[in-house]
1. Filtering region 177-215 down to residues that are assigned to a helix (DSSP H, G or I) and among the charged types (D, E, K, R), which residue is nearest to the chain's Cα centre (by Cα)?
2. Checking the structure you have, find out if any residue of region 241-252 is touching a Gly at 6+ places or on another chain (Cβ under 7 Å), touching a residue at least 12 places away in the same chain (Cβ under 8 Å) and part of a helix (DSSP H, G or I).
3. Tell me, please, whether a residue that is surrounded by fewer than 23 Cβ atoms within 10 Å (Cβ to Cβ) and touching a Lys or Arg at 6+ places or on another chain (Cβ under 9 Å) can be found in region 36-51.
4. I'm trying to understand the selection: among the residues of region 124-146, which are of a type in the set (Val, Ile, Thr) and either under 30 Å from Ile278 (Cβ atoms) or free of Cβ contacts under 8 Å to residues at least 24 places away in the same chain (or both)?
5. Would you mind stating whether Ala60 is more than 14 Å from the chain's Cα centre (by Cα), under 17 Å from Thr116 (Cα atoms) and either acidic (Asp, Glu) or in a helix (DSSP H, G or I) (or both)?
6. Going by the conditions given, is Thr336 under 25 Å from Val30 (Cα atoms) and either surrounded by fewer than 22 Cβ atoms within 10 Å (Cβ to Cβ) or of a type in the set (Phe, Trp, Tyr) (or both)?
7. Tell me, which residue of region 339-370 that is open to solvent by 50 Å² or more (accessible area, probe 1.4 Å) and part of a strand (DSSP E or B) is farthest from Ser263 (Cα to Cα)?
Amino acid sequence: MGQLKRGWKFRVGLGAMLLLALAAQAEDGVTARQVLIGQTLTLQGGANDYGVAVSEGVTAALDQANRAGGVLGRQIALTVLDDDNKAALAETNARQLVTKDKVFLLFGPIEGGPSTAVMKVAIEQNVPLFGPMAGSPTLRTPHQPLVFPVRAEHKEEFRALMTQARSLGMQRLAFLRSDSPTGQLHLDNARRIAQTLGMELVADLPFKSDIDAAGIDTLARQLASTRAQMVFNHGGIGVYEKLIRQAQAIGVKASFYGVNSGSTQLASHLGPPGQGMIFSQVLPSPWERKTGITRAYQEAFARLKPGQAFSYGSLEGYLTGKALVEALRRAGPNPTRASFLAGLRNAELDIDGIRISYRDGEHVGMTLVDLAIVTREGKFRH
C-alpha cells in the first residue's frame, strides 16, 4: 500500500513538472482559457470620433465571438492604450504591450504615423501586427512578413478617385498631402497613377502640421494659379477643410474629392460646401443592408449599442475584428506566433463576403474601394 502511495505521488510530481514545462513554453498572451491581444489606438481621450467608433466596432466583433465560445475554446481579451495620434506614443504603447503586458500580438492601430510606429516595434520584437487601419504605403512596401493589413491601401483610393474624375473629362490634378516622408511616398504613387491614366498632376500641395491661415492662403492661391480641375487629399482633414473654404472664397472652381480617412467629419464640418463631394471608401455603405458584412455588422452593433447610429468607423472596426477572429482560428488549438503566421500564409479570408488576401511576398488585404457622394442632406450615397 505504501509503495502504491509513493508511486502515485511520483506520477503527480511528473505531471506537475510537465505542466510547468508547458507553461514555460507557452506563448505570451495565451492561457488555457484566453488569448490576450494588444491595441494602441488614436482615441485622444474620447475626442477622436473615428477612433472611438473603431473601438466600438472591434468590441462588437469580439463580443460576438466570445458569446459564441471564443476561438477554439479561448476567450479573446483586448488591452487598449490611447496613442493620442502621436507616433512616438504609439511606439511606446506597442513596446509596453509586448514587453510588459505580454500580449500575443499587436492589433488595429489607426492613422499612418501611429501604424508605422507600431510596425517598427512589431518587427523589432518579432511579433505579428494584424489589421492596421491605415492606408500608408509603408505597411506594404517593402513587404513586411509580420504585418497583415485588412483595409485597402490609399493608392487604390487615389486610383478610384482619379479614374472617376477622368470619366468626367478632368485632366489636371492637385494633391494635398503632409510634408513628410510618408506624404512623399503618397505623392510618388499619385504621380505614377496619373501617368498611367494619362492625367497630369499640376499641383503638389504639401503642408506641415503647424500650418497657419497665411499658409492655407498660399496653398489656395497656388491651386488657383495651376488651374487644376480636381483636388484630392491624403489625410489632414482639418487642413483640407480650411483649404476648401479658402479656395472657394477666392473663386477656385476645382472639384474637391477626398479619401475615406475622416470623410464623415469633413463632410459634416463643411456643411453645404461639402455637398456633392465624392469620397473613396474602403467599405460598403454601413447604412444599407446590401452586403453580408453590413448585415452582420448591423445586427452585432445594434446588440452592443442599441439605438446608436451606424458609421464607417464602427464598420471598419467590426470587419477588422472579425478578420482577427478568423486569423486566430487558423492558428490552431495551441496557438503560437509561428502557427499564427503559418495559418495566414497564402491565405484567402472570406469575412461575410469580403475577400482578404495574403500571399508570400505580398500582403494585400482587401482591394475593395467604393465611391460615395455627399447628398444635400449631408449623407453618403454609394
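The values are calculated or read from the model by the stated rules, or taken from the named source; none is laboratory data. The structure presented is a predicted model; accordingly, all values stated were derived computationally and were not measured. For neighbour counting, all protein chains shown are included, and Cβ atoms are generated from backbone atoms with ideal geometry for every residue, glycine included. Ligands, DNA and RNA are excluded from the accessible area calculation, which covers all protein heavy atoms including side chains. Shrake-Rupley method; radii C 1.70, N 1.55, O 1.52, S 1.80 Å.
1. Per the criteria, the residue is Asp188.
2. no
3. Checking region 36-51: at least one residue is surrounded by fewer than 23 Cβ atoms within 10 Å (Cβ to Cβ) and touching a Lys or Arg at 6+ places or on another chain (Cβ under 9 Å).
4. Passing the criteria: Thr138, Thr141.
5. So Ala60 does not fit the description; no.
6. yes
7. Among those that are open to solvent by 50 Å² or more (accessible area, probe 1.4 Å) and part of a strand (DSSP E or B), it is Arg359.
Yes/no matrix, rows are residues, columns are (1) modelled with pLDDT under 95; (2) under 24 Å from Leu371 (Cβ atoms); (3) open to solvent by less than 20 Å² (accessible area, probe 1.4 Å):
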| position | (1), (2), (3) |
| --- | --- |
| Leu173 | no, yes, yes |
| Lys208 | yes, no, no |
| Gln222 | no, no, no |
| Gly238 | yes, yes, no |
| Glu241 | no, yes, no |
| Gln246 | no, no, no |
| Pro273 | yes, yes, no |
